[in-house]
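What follows is a set of notes on a single structure, which appears directly below.
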Amino acid sequence: MLGELWSFQGRFKTLHLTWFAFFLTFVVWFNLAPLATTVKADMGLTVSQIRTIAICNVALTVPARVVIGMLLDKFGPRITYSAILLFAAIPCLLFATAQDFSQLVVARLLLSIVGAGFVIGIRMVAEWFPPKEIGLAEGIYGGWGNFGSAFSALTLVIVAGWLSFAGGAQIGDVVLNWRAAIALTGVIAAIYGVFYFFSVSDTPPGKTYQRPHRTAGLEVTSIKDFWGLMGMNVPFAVILAVLAWKLNNVGFLDTTTYPLALLAILAWYGFQSWGIIRTNKDLILGKKVYPKEDRYEFKQIAILELTYIVNFGSELAVVSMLPGFFESTFDLPKATAGILASSYAFMNLAARPGGGLLSDRLGSRKNTMGFLTIGLGFGYLLMSLIKPGTFTGSAGIAIAVALTMFCSFFVQAGEGSTFALVPLVKRRITGQVAGLVGAYGNVGAVSYLTIFASLPLWIGGGEDPSAEIIAASNSSFFQVLGIAGLIVGFLCYFFLKEPKGSFAELHEGETLPA
């Protein structure tokens, strides 16, 4: 497969077009971060307001990934990906033309939906690549597409500077047209959405796109799995309630709107639960019994959800805090700290495909998942040793960066290994499985960031913690990530099962063409 990767023919053409679609959704989703200080200065926002906008950027991604997973299984990845790329232009243009804080918030809430685009390509790639090659293919899709976040960070400030001929905000001696830069990302995504629609198909010639019997909720095959699914959906509502609480704390929600937000979250959980009941009503009433060959175990999905919490969830959290961590630990300038911290994200280009390749080549996807997740746990525990005074001078910084990249490899290789397993659980519900697992990554990110923000207070630092308290809280944060990784890694070894046909020539339900 590696030799054919650059042929841009057949399935490889579909792979390249699809990872680039994912890349553009992440460019759009992360287009605020590099321009945040410019937006703040130009719009006269407070620190709490710009942080609120950042929170809104992830607020609807959790439910959106679940819903898009359902739509994906029903309509196919070609239509669904094209639609979300076209949709991306709307919130980008709304944000670029916003005149006040409320308009910025609404636009960012809508933009958080674009972050759900990742799950679509998981099924597209799975349709075009056989099980024996699915790990590397999904790893390339996820790793190269994920680089869109780093690309935004590296280029959008430069683009905003190029576009300053049409006006913009002056920060120091530099004029940046942040409005045109953000609008441009949405327009490019929409143009590519049209191109993608006319350039790909859902399946290779001769294959049939398998759809679930119902898409209102995930189809399960036993009563035990039904209750497991209902339980694993509770964290989605809990994490949305945490986001509402944070928005209330920063003053965006008040005594009237906060209860309404909680009621909306409760309604969402009720709607989601009712969809699951409708989809599985014949099973619940005893009218349907699945034959043995058509069954799957929901615990497979549950464990994959947990692995994505500890790998992708931790990645999003660590990427957010790492620049400040390097700055405070080694007393570095912001720019230098940002460059060092980027080493963590840059590993995506090789580590995520590498994790998929290991899953393909080591003979057991289950054991590969367990090994990488335990490696992630030890990696974070090693990072917890990076404290002021522990590593000093240029050599100390080099050791810290090496430990960071070591940990990052296991984190992102684990992500690749997770989605080497997702398409093999049950083919006709791959979109919904990808949506649920992907949403749990965001659940992990919000959970970890909430813990990170609260640790200085829990340790006893008060509202204005000292440098010593900050250092202790950073170390404790990495220890939390490490222990969570070790626990989930052992769960993989003891409870995850090797999918049938993990290394077969054909997916479940496929036959060789006559």
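The values are calculated or read from the model by the stated rules, or taken from the named source; none is laboratory data. Note that the structure is a prediction, hence the values are computed from the model and not measured. For neighbour counting, all protein chains shown are included, and Cβ atoms are generated from backbone atoms with ideal geometry for every residue, glycine included. Protein only, heavy atoms only, side chains kept; ligands, DNA and RNA dropped before computing areas. Shrake-Rupley method; radii C 1.70, N 1.55, O 1.52, S 1.80 Å.
Would you confirm whether or not region 311-324 contains a residue that is over 21 Å from the mean Cα position of the chain (by Cα), open to solvent by 30 Å² or more (accessible area, probe 1.4 Å) and of a type outside the set (D, E)? First the steps, then the outcome.
Taking region 311-324 and keeping what is over 21 Å from the mean Cα position of the chain (by Cα), we get 324.
So of that shortlist, the ones also open to solvent by 30 Å² or more (accessible area, probe 1.4 Å) come out as 324.
Checking which are of a type outside the set (D, E) leaves us with 324.
Within region 311-324 (the criterion being over 21 Å from the mean Cα position of the chain (by Cα), open to solvent by 30 Å² or more (accessible area, probe 1.4 Å) and of a type outside the set (D, E)), the answer is yes, since at least one residue qualifies.
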Is at least one residue of region 400-412 open to solvent by 20 Å² or more (accessible area, probe 1.4 Å), out of contact with any helix residue (DSSP H, G or I) (no Cβ under 6 Å at 6 or more places or on another chain), among the β-branched types (V, I, T) and assigned to a helix (DSSP H, G or I)? no
For region 190-215, name all the residues that are within 25 Å of the chain's Cα centre (by Cα) and either part of a helix (DSSP H, G or I) or closer than 18 Å to L436 by Cα (or both). A190, I191, Y192, G193, V194, F195, Y196, F197, R211, P212, T215
Would you check which residues across region 45-88 are outside any helix (DSSP H, G or I) and modelled with pLDDT of 90 or more and list them? G76
Taking region 384-396 only, how many residues are under 24 Å from A484 (Cβ atoms) and either buried (at least 16 other Cβ atoms within 10 Å of the Cβ) or out of contact with any Leu (no Cβ under 9 Å at 6 or more places or on another chain) (or both)? 4
Could you say which residue among N367, N348 is in contact (Cβ under 8 Å) with a residue 24 or more places away in the chain, open to solvent by less than 60 Å² (accessible area, probe 1.4 Å) and touching a helix residue (DSSP H, G or I) at 6+ places or on another chain (Cβ under 9 Å)? N348
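Out of the residues in region 1-51 meeting the condition of being polar (S, T, N, Q) and farther than 25 Å from E133 by Cβ, tell me which one is most open to solvent (accessible area, probe 1.4 Å). Can you show your working first?
Initially, region 1-51 is screened for residues polar (S, T, N, Q), giving 7, 9, 14, 18, 25, 31, 37-38, 46, 48-49.
If we keep only those that are farther than 25 Å from E133 by Cβ too, we end up with 31, 37-38, 46, 48-49.
Details: N31: 0, T37: 100, T38: 4, T46: 68, S48: 49, Q49: 50 Å².
Checked region 1-51; the qualifying residue most open to solvent (accessible area, probe 1.4 Å) is T37.
Among what's in region 415-461 and is aromatic (F, W, Y) and open to solvent by 10 Å² or more (accessible area, probe 1.4 Å), pick the residue that is nearest to T368 (Cα to Cα).
Taking region 415-461 first, the residues aromatic (F, W, Y) are 419, 440, 448, 452, 458.
Still in the list and also open to solvent by 10 Å² or more (accessible area, probe 1.4 Å): 448, 452, 458.
On the way: Y448: 25, F452: 29, W458: 36 Å.
Here the answer is Y448.
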Need pairs with beta-carbon distance below 9 Å; first residue part of a helix (DSSP H, G or I) and within region 463-485, second open to solvent by 50 Å² or more (accessible area, probe 1.4 Å) and hydroxyl-bearing (S, T, Y); sequence gap 6+ or separate chains. A467/S328; I470/S328; A471/S328; N474/S328
Given (1) farther than 22 Å from K40 by Cα; (2) in contact with a helix residue (DSSP H, G or I) (Cβ under 8 Å, 6 or more places away or on another chain), where does P130 come up short, assuming only one miss? (2)
By residue number, the members of region 89-100 that are over 17 Å from A190 (Cα atoms) and open to solvent by 40 Å² or more (accessible area, probe 1.4 Å) are T97, Q99, D100
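With within 24 Å of the chain's Cα centre (by Cα) and surrounded by 24 or more Cβ atoms within 10 Å (Cβ to Cβ) as the only criterion, which of V187, V106, V157, V119 stands out? Step through it out loud before you land on a result.
Values: V187 fails: surrounded by 24 or more Cβ atoms within 10 Å (Cβ to Cβ); V106 fails: surrounded by 24 or more Cβ atoms within 10 Å (Cβ to Cβ); V157 fails: surrounded by 24 or more Cβ atoms within 10 Å (Cβ to Cβ).
From the options V187, V106, V157, V119, the qualifying one is V119.
Just checking, which of T203, T208, T255, T215 is within 24 Å of M124 (Cβ to Cβ) and exposed (fewer than 15 other Cβ atoms within 10 Å of the Cβ)?
Values: T203 fails: exposed (fewer than 15 other Cβ atoms within 10 Å of the Cβ); T255 fails: within 24 Å of M124 (Cβ to Cβ); T215 fails: exposed (fewer than 15 other Cβ atoms within 10 Å of the Cβ).
Being within 24 Å of M124 (Cβ to Cβ) and exposed (fewer than 15 other Cβ atoms within 10 Å of the Cβ) holds for just one of T203, T208, T255, T215, which is T208.
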Kindly indicate which of L260, L240, L218, L247 is assigned to a loop (DSSP other than H, G, I, E, B) and either under 23 Å from the mean Cα position of the chain (by Cα) or under 24 Å from I55 (Cα atoms) (or both). L218
Here are S394, S314, S384: which of them is out of contact with any strand residue (DSSP E or B) (no Cβ under 9 Å at 6 or more places or on another chain) and over 23 Å from C492 (Cβ atoms)? S394
Residues of region 322-369 being closer than 18 Å to L403 by Cβ and acidic (D, E), which ones? E327
Listed by first then second residue, the pairs whose first member lies in region 89-100 and is outside any helix (DSSP H, G or I), whose partner is surrounded by fewer than 19 Cβ atoms within 10 Å (Cβ to Cβ) and not basic (K, R), with beta carbons under 9 Å and at least 6 positions apart or on separate chains, are T97/Q103; A98/M43; A98/V106; Q99/M43; D100/M43
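Looking only at region 283-311, count how many residues are assigned to a helix (DSSP H, G or I) and in contact (Cβ under 8 Å) with a residue 40 or more places away in the chain. Working first, answer last.
Filtering region 283-311 down to residues assigned to a helix (DSSP H, G or I) leaves 283-284, 292-294, 298-311.
Among the residues that remain, those that are also in contact (Cβ under 8 Å) with a residue 40 or more places away in the chain are: 283-284, 294, 298-311.
Residues that pass the stated criteria total 17.
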Do you know which of the residues in region 267-282 that are in contact (Cβ under 8 Å) with a residue 12 or more places away in the chain and of a type in the set (G, A, S) is surrounded by the most Cβ atoms within 10 Å (Cβ to Cβ)? G275
Contacts under 6 angstrom Cβ, first residue in region 183-200 being of a type in the set (F, W, Y), partner surrounded by fewer than 14 Cβ atoms within 10 Å (Cβ to Cβ), 6 or more apart: none
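Examine region 373-383 for a residue that is touching a residue at least 12 places away in the same chain (Cβ under 8 Å), of a type in the set (V, I, T) and surrounded by fewer than 23 Cβ atoms within 10 Å (Cβ to Cβ), and state whether such a residue exists.
Applying the first criterion (touching a residue at least 12 places away in the same chain (Cβ under 8 Å)) to region 373-383 yields 373-383.
Right, trim to of a type in the set (V, I, T) and you get 373-374.
Subset that is surrounded by fewer than 23 Cβ atoms within 10 Å (Cβ to Cβ): 374.
Within region 373-383 (the criterion being touching a residue at least 12 places away in the same chain (Cβ under 8 Å), of a type in the set (V, I, T) and surrounded by fewer than 23 Cβ atoms within 10 Å (Cβ to Cβ)), the answer is yes, since at least one residue qualifies.
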